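Enquirer: Before we start, here is the structure in question, set down as structure tokens.
Just so you know, all these numbers are worked out from the coordinates, no wet-lab data involved. This is a predicted model, so every value here is computed, not measured. All Cβ positions, even for glycine, are placed from backbone atoms using ideal geometry, and neighbour counts span all protein chains on display.
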2 protein chains.
Amino acid sequence: MQQVLEALVDPVRRSIVTQLSAADSDVACGAFAIAVSKSTATHHFKVLREAGLIRQYYVGTARMNALRRADMDEAFPGLLDALTTPQARQR
Amino acid sequence: MQQVLEALVDPVRRSIVTQLSAADSDVACGAFAIAVSKSTATHHFKVLREAGLIRQYYVGTARMNALRRADMDEAFPGLLDALTTPQARQR
DNA sequence: CCATAAGTACGACCGTCGTCAAACTTTGAT
DNA sequence: ATCAAAGTTTGACGACGGTCGTACTTATGG
């Protein structure tokens, strides 16, 4: 839980989770709308992965990211819902 | 939202919120089970207050703390519920 | 009036975190 | 074989946040 919150408190990482939640399929690392360098992006994906929020797999040179929503909903019911709500994203 | 998450990511502050949520009435600053000095405690209460999570008022020399659950539930539905759930506290 | 209790305010210290650039790896295409 | 695309790794830097001690304020009780 502590680890999950530490992952979600960063705006960039929360944006990644939000974009993943809104997408209808998995997303490559380079396809996110985040304004940081590649190395910083790699760092953020690592934090999200180690917190159990995403799963990653390769497709050619692209590393795909999948939101582990079911696992999260089981471990922390309501948390991702509370964060990906449209009004939550706005405020 | 960002401010609320930054307030809730600290274990001491989340413990304060949890204890407030479990209590059936408001709690004085000195009555919490937190292992930090007085000045550090004051700092944490200030962060919680500025994030809108608690309200404070004096009763003699004691400063009472009230959880603003209704305001939070309106602004960020499900967030406090997700964090104060017994299984959330455990994990 | 004085002492004690309950917090607050102010600096200071230190660790952690987000950030980047540069060098490297691996895969796929020409 | 070469080259480009996509990430990773490493190291460094700077800022912010949690912590504490000390000094200060305010209120209650004897």
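Enquirer: 222 nm [θ] for chain A, helices only, -39500 (n - 2.57) per DSSP H run of 4+, per residue, to 500?
Expert: Roughly -15000 deg cm²/dmol at 222 nm, from the helical runs in chain A.
Enquirer: I'm a student and want to see the number: the projected area of the Cα convex hull of the protein assembly as shown, averaged over all directions, in nm². Provide the component values of the computation, followed by the final result.
Expert: Details: hull surface 45.5 nm².
For the protein assembly as shown, averaging the hull's shadow over all directions gives 11.4 nm².
Enquirer: Compute the angle between helix A:38-50 and the longest alpha-carbon principal axis of chain A, please, reported from 0 to 90 degrees and rounded to the nearest 10.
Expert: Once rounded, one gets 50 degrees.
Enquirer: Let me ask something additional. Taking only C-alpha pairs under 8 Å that are 6+ residues apart, what is the relative contact order of chain A in percent? Display every interim value, and only then the final one.
Expert: Numbers: 81 pairs, mean separation 25.7, N = 91.
Here the relative contact order equals 28 percent.
Enquirer: Please list the non-local residues whose amide H lies under 5 Å from the amide H of A:A28, H modeled 1.01 Å from N, same-chain partners needing a gap of 5 or more.
Expert: It is A:N65, by chain and number.
Enquirer: Still on this model: Where the label is 7 Å out from Cα toward Cβ, how close does A:A31 come to the same position in every other copy, in nm, shortest first?
Expert: Computed spacing set for this position: 5.4 nm.
Enquirer: Across peptide B:7-19, how many C-beta atoms of other chains are within 10 Å of each residue C-beta, on average?
Expert: 2
Enquirer: What gaps in nm, shortest first, separate B:Q87 from its twins in the other copies when you place the label 7 Å past Cα toward the beta carbon?
Expert: Ordered by increasing distance: 2.6 nm.
Enquirer: Hey, rough spin-label estimate for B:I34 and A:Q3, points 7 angstrom out along Cα→Cβ, what's it come to in nanometres?
Expert: The two pseudo-label positions are separated by 2.6 nm.
Enquirer: Additional query: If you count, for every residue in B:68-80, the Cβ atoms of partner chains within 10 Å of its Cβ, what is the mean?
Expert: 3
Enquirer: If you look at just the Cα atoms of segment A:2-84, how large are its Rg and its Dmax in Å?
Expert: Using the Cα atoms of segment A:2-84, the pair Rg, Dmax is 11.9, 35 Å.
Enquirer: Less than 17 Å apart at the alpha-carbon level, and either on another chain or at least 8 residues along: which lysines does that give for A:K46?
Expert: By straight Cα distance, A:K46 reaches A:K38.
Enquirer: Using a 10 Å cut-off on Cβ to Cβ distances, tally the other chain neighbours for every residue of B:43-50 and report the average as a whole number.
Expert: The per-residue average across the peptide is 0.
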